[in-house]
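The values are calculated or read from the model by the stated rules, or taken from the named source; none is laboratory data. Fair warning: this is a prediction, and the values are worked out from it, not measured in the lab. FYI the Cβ positions are ideal-geometry reconstructions off the backbone, even for glycines, and counts take in every protein chain you see. Just the protein is used for accessible areas: all its heavy atoms, side chains included, with ligands, DNA and RNA removed. Shrake-Rupley method; radii C 1.70, N 1.55, O 1.52, S 1.80 Å.
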Amino acid sequence: MLLVVAADEGVAPQTREHLAVCSLLGIPAGVVALTKADLVSPDLVELAAAEVEELLAPTPFAGAPVVAVSSLTGQGIESLRELLVRRAAEVAVEVDPDRPTRLPLDRAFHLKGLGVVVTGTLVWGTVSAGDELAVVPGERRVRVRSIQVHGTPRDRAHSGERTSLQLTGIALEELERGQQLVAAGALAAHRTLLARCRLLPEAPKPLAGWSPIRLHLYSCETVGRVRALAPAELHPGEQGLVELRLERPVPAVRGDRFVLRSPSPAATLGGGEVLDPWWHRRRGALRATALEALTGDTAAALGLWVQEAGEGGTTTAELARRLGMRPGAVEPELVALAERQRLIPTPAERGQQPRWLAPAVVDRVTRRARRVMKDYFQRQRLAEGMPKAEAVRRILRGRGAELADLYVSWLAAQKVLQVAGDRVTLPGRRAELSGEEAGLAARVLAAYAAAGLTPPSPPELARQLAAKPQIFDGVVRYLLEQRRLVRLPGGLLVSGEAVERLVADVREAGWERFAVPQFKDRFGLSRKWAIPWLEHLDSIGATRRVGDERQVVKE
């Protein structure tokens, strides 16, 4: 930070505001330039320097060097330059390789012969000529044609450098101050943020309820509203958690610093640090739990975000986007949480990214599955099993549909359910018939056996036997489950004995191959019955289709 104070005017109101903004942004060190030193006596220069030192004393910049300078005589200019370089070197940090490219735009213009040009300070990563970047908000892809750093052409710009980029693939009208150029997929923009905020002692009033604000985050500036969450009322000079709702989406990540100002009258209110750039409204205990996690370390925040992703889970890339990190840098933290059994990873299959689930979410699915299976089979005592698709719909309710097969396999491993083809049932379950139902089952089987290859439909048979439809349907489902009745393609039902007899008769007919007309004539079947029977024989391996004919498969 370079704080400029005129020696002939001393500390002005805007000086105090500038100092407060630097403090809110977490700037680590500073230097003071006491300008216009040639216009006042040495005594007044010393007095102005003492006033500045007094101003800095209660701030993070206490003890910062003060240099008297004059742009007319050149007094102190070289000393100031050397001091700035030295102080910058003292607080310089190494480029973080875990951060993706991020360039907040402060200008966009059209330059004759070059086209669209943008400028800004590269806060993370590097940019090379030929790189493809995304404009956020908007997600428009652009390509970097050329680079300049302080007017010098370069092949690559590095974090911390003032950078000018010539872009292709976008019109000037699509760019504006406040947007950010980032590595594709690295950041997202949202309208609601959770933040830790400190009000300045000079703030005009407490935060109680929703208050209008103007947010400054990097080069972005937008209006919105703010309210205190914890405590529910934030007084000048105090720090707390606030919710920000903005007029337009802002590209932000956890840890970003910001400044809040009142729109009218214009004044700096405070500022702080983003804790969750994708905040959404919560109430009661859920809000308290979220606030506790988000004010903790990165591991606590990751655990909360995974839990709130629900039964569908979330990917490493999605979590990295909230932190402003490369996915590879977040992965070890997630693995460590999984090793402590605080997260559950899904297997990476068929090129899909693995997802992360919270154990509490998996436990909730397991409890729901036990309840769904119990309720279903209490109501459908003779059911042959619940259709798998219906079980998924009831258990996951659409929120974890992408992971349906994985959840079903986990539930089967825990013996919550058992998969049988396209149906699920309770492990070890055997349906039992009452005396009345057993008698009806015997009559149904006798009727199907007597009818041979062309039995009546279930409704017709129910009328013939004068059976109640609900009891009849339950008995039929039970007999299907026991494989004593068989469902042919198209839904036709036959007895298991009829299937066995037909397989034996086909093998004894002396055919190696046969056509549909031969089959119909041999067994006296219409096409309605012949085709489903043949498809069933194919499915059980008794025959094999070869063109328009069937080949008999010998035992």
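Candidates 120, 138: the one that is within 17 Å of residue 252 (Cα to Cα) and not in a loop (DSSP other than H, G, I, E, B) is 120.
How many residues does the range 66-89 contain that are touching a helix residue (DSSP H, G or I) at 6+ places or on another chain (Cβ under 6 Å) and either in a loop (DSSP other than H, G, I, E, B) or exposed (fewer than 13 other Cβ atoms within 10 Å of the Cβ) (or both)?
Within the range 66-89, residues that are touching a helix residue (DSSP H, G or I) at 6+ places or on another chain (Cβ under 6 Å) and either in a loop (DSSP other than H, G, I, E, B) or exposed (fewer than 13 other Cβ atoms within 10 Å of the Cβ) (or both) number 5.
Here is the figure for the range 473-492: residues that are open to solvent by less than 10 Å² (accessible area, probe 1.4 Å), farther than 11 Å from residue 445 by Cβ and not in a helix (DSSP H, G or I) total 1. Note on the range 1-38: residues that are touching a strand residue (DSSP E or B) at 6+ places or on another chain (Cβ under 9 Å), assigned to a helix (DSSP H, G or I) and closer than 19 Å to residue 79 by Cβ amount to 1. Residues of the range 27-48 that are farther than 23 Å from residue 82 by Cα and either open to solvent by 50 Å² or more (accessible area, probe 1.4 Å) or without any contact (Cβ under 8 Å) to a residue 24 or more places away in the chain (or both): 39, 41, 43, 44, 47.
Within the range 523-555, the set of residues being in a helix (DSSP H, G or I) and of a type in the set (S, T, N, Q) comprises just one member, 539.
Among the residues of the range 368-391, those that are modelled with pLDDT under 90, farther than 23 Å from residue 487 by Cα and not basic (Lys, Arg) comprise 373, 375, 378. Can you find a residue in the range 348-364 that is among the basic types (Lys, Arg) and closer than 23 Å to residue 421 by Cα? Within the range 348-364, one or more residues are among the basic types (Lys, Arg) and closer than 23 Å to residue 421 by Cα.
Looking only at the range 50-64, decide whether some residue is in contact with a helix residue (DSSP H, G or I) (Cβ under 6 Å, 6 or more places away or on another chain) and among the acidic types (Asp, Glu). No, there is no match, as no residue in the range 50-64 is in contact with a helix residue (DSSP H, G or I) (Cβ under 6 Å, 6 or more places away or on another chain) and among the acidic types (Asp, Glu). All of 233, 161 fail the test of being at pLDDT below 95, of a type in the set (Asp, Glu) and within 26 Å of residue 110 (Cβ to Cβ), apart from 161. Only residues that are touching a residue at least 60 places away in the same chain (Cβ under 8 Å) and either closer than 14 Å to residue 268 by Cβ or of a type in the set (Asp, Glu) (or both) were counted across the range 1-20, and they come to 3. All but one of (1) open to solvent by less than 50 Å² (accessible area, probe 1.4 Å); (2) in contact with a helix residue (DSSP H, G or I) (Cβ under 6 Å, 6 or more places away or on another chain) hold for residue 123; state the number of the condition that does not hold. The single condition residue 123 does not satisfy is (2). Can you name the number of the only condition in (1) under 30 Å from residue 385 (Cα atoms); (2) at pLDDT below 90; (3) surrounded by 11 or more Cβ atoms within 10 Å (Cβ to Cβ) that residue 466 fails? Status for residue 466: all satisfied but (3).
Total residues in the range 445-463 satisfying the condition of being open to solvent by less than 60 Å² (accessible area, probe 1.4 Å), on the phi < 0 side of the Ramachandran plot and either part of a loop (DSSP other than H, G, I, E, B) or modelled with pLDDT under 85 (or both): the figure is 4.
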